[in-house]
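FYI, it's all coordinate maths here, none of it is from the lab. None of the values given here were measured: they were computed from a predicted structure. Don't worry about glycine lacking a Cβ; one is built from the backbone with ideal geometry, like all the others, and counts go over all protein chains shown.
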Amino acid sequence: MLQTTEFALLRRVATEQAESRAPSLVAAVVRGGDLVWTGARGKVDGAGPTADTQYRIGSITKTFVAVLVLRLRDEGKLDLNDPLDKHVPGTSFGNVTIAQLLAHTAGLTSESPGAWWERSEGADWETLASSLAQDALRHRSGARFHYTNVGYGVLGELVARLRGVSWLDALRAEVLEPLDMARTTPHPRAPAALGWAVHPFADVLLNEPTPDAGAMAPAGQLWSTVTDLARWVRFIGGDTGDVLHPDTVAEMRVPAHVDDNDVWTNGYGLGFEALRIGGRRLSGHSGSMPGFLASVLIDARTGTGALALANSTSGVGIVTLSADLINLVEEHEPELPAEWEPMAEADPELLGLTGLWHWGPTPYTLRLLPAGWLLLAPVNGRGRQARFLPVTRDTWIGQDGYYAGETLTLCRDTEGNPSHFDLATFVFTREPYGTAEAIPGGVDPQGWRTRQD
């Protein structure tokens, strides 16, 4: 990073630590697959925290559990539409689906009944399940977003049932070891920060407890470091190693529901938060436990991400800080666009399909992309557009927006020449309402008129 960029980043961290009165605060920026900057303020055991100092990461733990569940899905061991009862029978909410639990749309109660679980020694699964025997659902399943720590305790049990080992053992073997994240652990290992509450009206501290959360641990147990979480930021952005296919992680980033329905700024996918901040669409997760705050975010489009860790119960704008670090990097050192180069090869028949096509009277352009992909978009830029992945000689599958998963089919005449496209029953012809026999409802035999009578 340029010195001016590094100073701007450090100043942002220093301002947050001072104004929020955080005992310590450490942050980092990831770019292009590398940890490119770290900064810290405050003290841990009398010295500045480092990239190897552990902090409790709270609900960022949920992202690891979600990855374990999606691995099971990709292996065919479950379907996201499966009811919970299929894999974890006997609960009072067995009709909710795995996808709903991942996306916090199951309607399940937010916290486990009884004592405040984040400050209490946790019990086992049987105790948690029995405490939820009545009134576990607060909303109709699928009706709305309702954040539920309990739901991820349930998902941890799901992983354990299907793997035959604890969710932590599965996490170590399937995620942490392959990604070389040895400093991500269920309990602190030195050097580690103590968790503090800061008095609201005096500059004094109160040590917070860090008990084992038992069956609720999948909701927020883990501790980690800047170095390990930088690898996790890259993972969320699509640098997944062999742990998950990048397409699965991209699926996890897509909002399944939003928390504010007007002009949404906060959404949730399959284990990842989706945020709109400063004109950017960011993916990741925040975390809080008594004594600690954490955030990991990445702009998957640019590959620039950031993380921040603090040992304070509240008061630190940890998510805003991470987002601001991303924006500072993009403003001070915007990446140059990749050089344009011609395609290595292009199918002449596909080239012949490019250009103007019409859905009724509306003109679209069809562009040929590398590897035989197609891009269909309205000429005026307003309306539905999508990329299409080739499947056979005459079929492509939509990858974006409204047409995601829909089939674009090239229809041919009796002589085998291209006639029109059929896209989920919408017909595209070379001329407006051309190829009359292909137009549903037919075409007025009088053709285009100059008058309305």
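So for ARG11, ARG253, fewest C-beta neighbours within 10 Å to most, what's the order?
By the 10 Å Cβ count, ascending: ARG11, ARG253.
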Residue by residue, what Karplus-based ³J(HN,Hα) values in Hz, rounded to whole numbers, does the stretch 401-411 have, using 6.51, -1.76 and 1.60 with θ = phi - 60° and x for Gly and Pro? x, 4, 8, 4, x, 8, 9, 9, 10, 8, 9
Mind listing the phi-derived Karplus ³J(HN,Hα) values for the stretch 24-37, rounded to whole Hz, using 6.51, -1.76 and 1.60 with θ = phi - 60°, and x for any glycine or proline? 7, 8, 10, 9, 7, 10, 10, 8, x, x, 10, 7, 9, 7
In Å and on Cα atoms, what radius of gyration and Dmax does the stretch 21-176 show? 18.3, 52
Convert each backbone phi in the stretch 48-63 into a coupling constant with the Karplus relation 6.51 cos²θ - 1.76 cosθ + 1.60 (shift: θ = phi - 60°), then list the ³J(HN,Hα) values in order as whole Hz, x for Gly and Pro. x, x, 10, 5, 9, 7, 7, 10, 6, 9, x, 6, 4, 3, 4, 5
Quick one: dipole size for the chain, taken about the Cα centre, charges +1 on Lys/Arg Cβ and -1 on Asp/Glu Cβ, in debye to the nearest 20. 720
5 Å is the cut-off here: which amide hydrogens, built 1.01 Å from N in the peptide plane, fall below it relative to ALA274, excluding neighbours closer than 5 in sequence? GLY267, TYR268, GLY269
Compactness of the stretch 278-374, expressed as Rg and Dmax over alpha-carbon positions, Å: 21.9, 63
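Where does the stretch 64-103 land on the Kirkwood hydrodynamic radius, alpha-carbon pairs, in angstrom? Let's see the in-between values first.
Details: mean 1/r = 0.0978 Å⁻¹.
Result for the stretch 64-103, one decimal place: 10.2 Å.
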Could you give the radius of gyration (one decimal) and Dmax (whole number) of the Cα atoms in the stretch 3-332, in Å? 18.9, 59
Restricting attention to the stretch 64-155, which chymotrypsin sites (Phe, Trp or Tyr not before Pro) occupy a DSSP loop and are surrounded by at most 11 other Cβ atoms within 10 Å? TRP116
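Distances over 16 Å make up what percent of all Cα-Cα pairs in the stretch 348-438? Don't skip to the answer; put the middle values down first.
Numbers: 2042 of 4095 pairs.
Value for the stretch 348-438 (Cα pairs over 16 Å): 50 percent.
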For the chain, the longest principal axis of the Cα atoms and the Cα long axis of helix 149-163 enclose an angle in degrees, to the nearest 10, of 80
Can you give me the orientation-averaged projected area of the convex hull built on the Cα atoms of the stretch 214-333, in nm²? 8.5
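Residues with beta-carbon under 14 Å from that of LEU176, excluding LEU176: net charge, scoring Lys, Arg +1 and Asp, Glu -1? All intermediate terms of the calculation are to be shown ahead of the outcome.
Details: positive: ARG71, ARG172, ARG183, ARG189, ARG231; negative: ASP169, GLU174, GLU177, ASP180, ASP228, ASP242.
My count for the surroundings of LEU176 gives -1.
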If amide H atoms are modeled at 1.01 Å from N in the peptide plane, then the residues at a separation of 5 or more from GLU406, or on another chain, having amide H under 5 Å from its own are GLY398
Amide H proximity to SER312 below 5 Å, modelled H, separation 5+ or other chain, gives TRP196, PHE292, LEU293
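Are there trypsin sites (Lys or Arg not before Pro) in the stretch 343-434 that DSSP marks as loop and that have at most 11 other Cβ atoms within 10 Å, and which are they? It would help to have the intermediate numbers written out before the result.
Values: sites: ARG367, ARG382, ARG384, ARG387, ARG393, ARG412, ARG430; in loops: ARG382, ARG384, ARG393, ARG430.
Within the stretch 343-434, the qualifying trypsin sites (Lys or Arg not before Pro) (loop, at most 11 other Cβ atoms within 10 Å) are ARG382, ARG393.
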Using bins 5 angstrom wide from zero, how does P(r) for the stretch 274-332 break down, in % of all Cα pairs? 4, 21, 32, 20, 13, 7, 2, 0
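What is the Cα convex hull volume of the stretch 129-263 when expressed per residue in Å³? Don't skip to the end; give the middle numbers.
Numbers: hull volume 27.4 nm³, N = 135.
Looking at the stretch 129-263, the number lands at 203 Å³ per residue.
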Can you pull out the trypsin sites (Lys or Arg not before Pro) in the stretch 128-233 whose DSSP state is coil and whose Cβ has at most 13 other Cβ atoms within 10 Å? ARG138, ARG140, ARG189
